[in-house]
Amino acid sequence: MRYMTMNAMGIHKYLRMARAFTLVWVLLACFAPAAAQASASQVAVDGQQHGIVIPVLNYHSIGVEPGNTYVLHPDMFARQMDYLAAHHYTPLTLHDFVRIIEKKQPSPERPVLLTFDDGYANNAEVALPILQRHRFPATLFLSPGFIGQPGYLSWPQVQELSAAGWDIAPHGLTHPHLTQLSVEQQREEITESRRRIEQALGKSVDVFAYPFGEYNEETLKILKEAAYRYAFTTKEGYASSNQSPYELSRIVVHGEDDFATWVQKLTASLVSLINLISFVG
């Protein structure tokens, strides 16, 4: 009977839907409440085809400055951290992030990496106490040339953050537009920022974040020559093990976004990935 048969097109459509459903189940398992989901470590093992995805939130200044998109009100920041805690997210150290991306250790059920760019004094004065309430680690991408300037961290404050469990990594020496510099100027910005951080803290660092999110082929070449392992952009989306190690995505947090928009950004990349795979044919 015709209604009990499938032509080739119908079979293809069925298989495509089955693959999409399977991926959706795996991804939802990563982000559902702990009592209802499988171990994310097993998901990481089973997710070889599509890679490991981790949201990386990109903050800057935590303060009060209406109209500046890179300044987030402390109350909003506290609410966001409360949300992460209430929904069982696990903020990662940079070391754990790298090991999870490289599939060298299992992932927690809801991983997230909290990053701060530039080196504002309020990262220590305002953000740190909020994070400490939840025992959350964070990563600061620091431009050492700003140290001691009004509104920016001092070296003692950087050391305080490091002692509190923050990872400190370079963000260019003077936060320049790297693509507007010569090769030698780029090399100085990239290598000297790292040298100063390592000298001040006595720790090696091999992860970079591009000032303004800008880079070119010369930048990538310098990073490789300097033995950097990873670099973060400001391209919107989840960081993934399938991305170039020097072009990891982040979710930029804007001061004018309301709370619902922030939550949507936190989950939108997951939804986009599901939609993309659903239409893979």
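The values are calculated or read from the model by the stated rules, or taken from the named source; none is laboratory data. The model shown is predicted, which means the values in this text are computed figures rather than measured ones. Note that we place each Cβ from the backbone using ideal geometry, even for glycine, and neighbour counts take in every protein chain shown. Protein only, heavy atoms only, side chains kept; ligands, DNA and RNA dropped before computing areas. Shrake-Rupley method; radii C 1.70, N 1.55, O 1.52, S 1.80 Å.
Restricting attention to the stretch 88-121, the residues being touching a residue at least 40 places away in the same chain (Cβ under 8 Å) and over 22 Å from Gln243 (Cα atoms) number 4. Only one of the numbered conditions (1) outside any loop (DSSP other than H, G, I, E, B); (2) surrounded by fewer than 21 Cβ atoms within 10 Å (Cβ to Cβ); (3) at pLDDT 95 or above; (4) in contact with an Asp or Glu (Cβ under 9 Å, 6 or more places away or on another chain) is not met by Asp82, and that is (4).
Within the stretch 68-79, if we keep just the residues that are part of a loop (DSSP other than H, G, I, E, B) and farther than 17 Å from Phe141 by Cα, the residue that is least open to solvent (accessible area, probe 1.4 Å) turns out to be Thr69. Residues in the stretch 150-166 that are open to solvent by 40 Å² or more (accessible area, probe 1.4 Å) and under 24 Å from the mean Cα position of the chain (by Cα): Tyr152, Gln159, Glu160, Ala163, Ala164. Of the set (1) part of a helix (DSSP H, G or I); (2) surrounded by fewer than 16 Cβ atoms within 10 Å (Cβ to Cβ); (3) modelled with pLDDT of 50 or more, all apply to Glu65 but (1).
Look at His171 and say whether it is within 24 Å of Thr233 (Cα to Cα) and either loosely packed, with under 15 Cβ neighbours inside 10 Å or acidic (Asp, Glu) (or both). No; evaluated as a whole, the condition is false for this residue.
Just so you know, in the stretch 123-149 the residues that are open to solvent by 10 Å² or more (accessible area, probe 1.4 Å) and part of a loop (DSSP other than H, G, I, E, B) include one that is nearest to His171 (Cα to Cα), and it is Ile147. Out of the stretch 150-172, which residues are of a type in the set (Gly, Ala, Ser) and in a loop (DSSP other than H, G, I, E, B)? Hits for the stretch 150-172 are Gly151, Ser154, Ala164, Gly165, Gly172. Close contacts from the stretch 250-266, counting a first residue that is more than 16 Å from His60 (Cα to Cα) and a second that is assigned to a strand (DSSP E or B) and of a type in the set (A, V, I, L, M, F, W, C), with Cβ to Cβ under 7 Å and a gap of 6+ residues or different chains, come to Lys265/Ile251; Leu266/Ile251.
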